[in-house]
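Let me begin by presenting the structure, written as structure tokens, before commenting on it.
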Amino acid sequence: MASCKKGRMKDAVFRRLVSVALITVFGIVLILILFRTNTISSLINSDIYESTESIEIIEPKIPKLLLQNELSVSLHKRNQIPPRNLDLYPKLVKDRVVIVLYVHNRPQYLQIVIDSLSRVEGISETLLIVSHDGYFEEMNKIVEGIKFCQVKQIFAPYSPHIFSNSFPGASPRDCKDKDDPVEKQCEGTPDQYGNHRSPTIVSLKHHWWWMMNTVWDGLTETRQHSGHILFIEEDHFIYPNAYRNMQLLTELKSKKCPDCYAANLAPSEVKSKGEGWESLVAERMGNVGYAFNLTVWRKIHNKAAGFCSFDDYNWDITMWSTVYPSFGSPVYTLRGSRTSAVHFGKCGLHQGHSRNLACMDNGNVNIVVNEIDKVANIKPEWEVRKYEHQAGYQAGFKGWGGWGDVRDRELCMEFAKMYV
């Protein structure tokens, strides 16, 4: 009898051990699955981003002017999803330059930019954020196919392209062209030239301003980032040496050019490929591959009222004409004397949506990448040549218009308050 009891006890113990082992194995498998799908990345983000602070999701304030629709709410939630490819690139380097690519709906352009980024030396060391002006499935699929680095997508939930029959999209009551609001009994405030708003056009400035506020002050991944953030567009071809050159420029900026607010991958003159000198260049800030840090963003954000009230639908012309001049001293950027990025877009505004109709030569881009463009070609010992009194938009320019509607200006100011 005693031996039988001992046998049953051993069987029971054995079954319990097997059960515990199975539960443990199941738990490990479940954790690996969750890790693969990034659903528990909040548990490891502090490790990945080398932060000693606990992860906190900042909920933006909903602009007072808007009633969100179903798509807007959905995109807002998607913006909280952690980066993809955490399993492939679990840690980022400490001195990384985060890259932000902002796009609309030009899939053929985007594919070219993504292909060029995939060949950039050092790209796997950093985080790529893709900011969408609206939601377009083909654009989303292209970004989801990225495997060469950590990548996070954010979608402007208040884009005019999200609202089909209400502000900030086109409302049935909106004035059009040069309508007289009293005579037509329509809604809207004309710009300085008498023209009423175009939702497609104003989305350019809205997206840029929403993106800047969100990246610098809203995203868990970047709002504590003390380094530089590099901004590029969907029609910027990036050379293989771009990231390494930008790392050098951001490191040299404070030493070589204390007056420089930013660093650029390309000359401010879009068609220029650079001078080819053995020196660094300080000049007016360009809009192709520009990078600055949190200190500069704070200065820009402090000028929100000027940015939001200037009657020009272009964010860059607004910056050149009113924001930079308000800093009180010339705003220089530091770059190499050979470009590391090229603007190849031929479509104005948001044209070229279809792969078959994209306005490029034969649907292809022919950009020659020489051997010198594949490795860092900036030398720390180089001196700086400074361009002074360059031509271009300056203080006093009135703007091209398109930004006269009071609602657009108020929404712009609401974006500035989202995370304050």
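The values are calculated or read from the model by the stated rules, or taken from the named source; none is laboratory data. Everything quoted here is computed from the prediction, not taken from an experiment. Glycine gets a Cβ as well: all are built from the backbone with ideal geometry, and neighbour counts include every protein chain shown. Ligands, DNA and RNA are stripped out before the accessible areas are found, and what is left, the full protein with its side chains, is counted by its heavy atoms. Shrake-Rupley method; radii C 1.70, N 1.55, O 1.52, S 1.80 Å.
Computed values, structure above
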quantity	calculated
Loop-resident sites, region 59-151, for chymotrypsin sites (Phe, Trp or Tyr not before Pro), counting at most 16 other Cβ within 10 Å (DSSP)	PHE148
Exposure rank, largest accessible area first [PHE310, PHE231; 1.4 Å]	PHE310, PHE231
Rough spin-label spacing in nm, given labels placed 7 Å along Cα→Cβ, for ASP95 and ASN165	5.7 nm
Spin-label model distance (nm) - GLU121 vs LYS178, 7 Å beyond Cα toward Cβ	5.7 nm
Per residue convex hull volume, Cα atoms of region 81-173, in Å³	100 Å³
Listed peptides 271-283, 215-227, 328-340 by packing density, highest first (mean Cβ within 10 Å)	328-340, 215-227, 271-283
Farthest toward positive dipole pole in region 176-252 [+1 Lys/Arg, -1 Asp/Glu at C-beta], among HIS228, LEU252, TYR193	LEU252
Order of exposure, largest accessible area first, which applies to TYR393, TYR324 with probe 1.4 Å	TYR393, TYR324
Under-5 Å amide H pairs with TYR332, H placed in peptide plane, nonlocal only	TYR261
Rounded if a/c under 1.5, otherwise prolate or oblate - region 284-348, Cα gyration tensor axes	oblate
Contour minus Cα-Cα distance for SER272 and ASP87 (0.36 nm per residue)	62.6 nm
Efficiency of FRET from Cβ geometry, VAL406 and SER329, R₀ 22 Å, rounded to 0.05	0.10
Separation of alpha-carbon centers, region 199-271 and region 92-112, rounded to whole Å	11 Å
Set of aspartates and glutamates near LYS91 by C-alpha distance (under 13 Å), chain-local residues within fewer than 8 positions excluded	ASP47, GLU50, GLU125, GLU221
Order of exposure, largest accessible area first, which applies to ILE112, ILE238 with probe 1.4 Å	ILE112, ILE238
Overall Cα dimensions of region 124-274, principal axis frame, Å, largest first	60, 37, 31
Heavy atoms of LYS398: accessible area, 1.4 Å probe, square angstrom to 10	130 Å²
Accessible-area value, TRP320, 1.4 Å probe, nucleic acids and ligands omitted, Å²	40 Å²
Label-point gap, in nm, between LYS379 and LYS61 - each point 7 angstrom along Cα→Cβ	5.3 nm
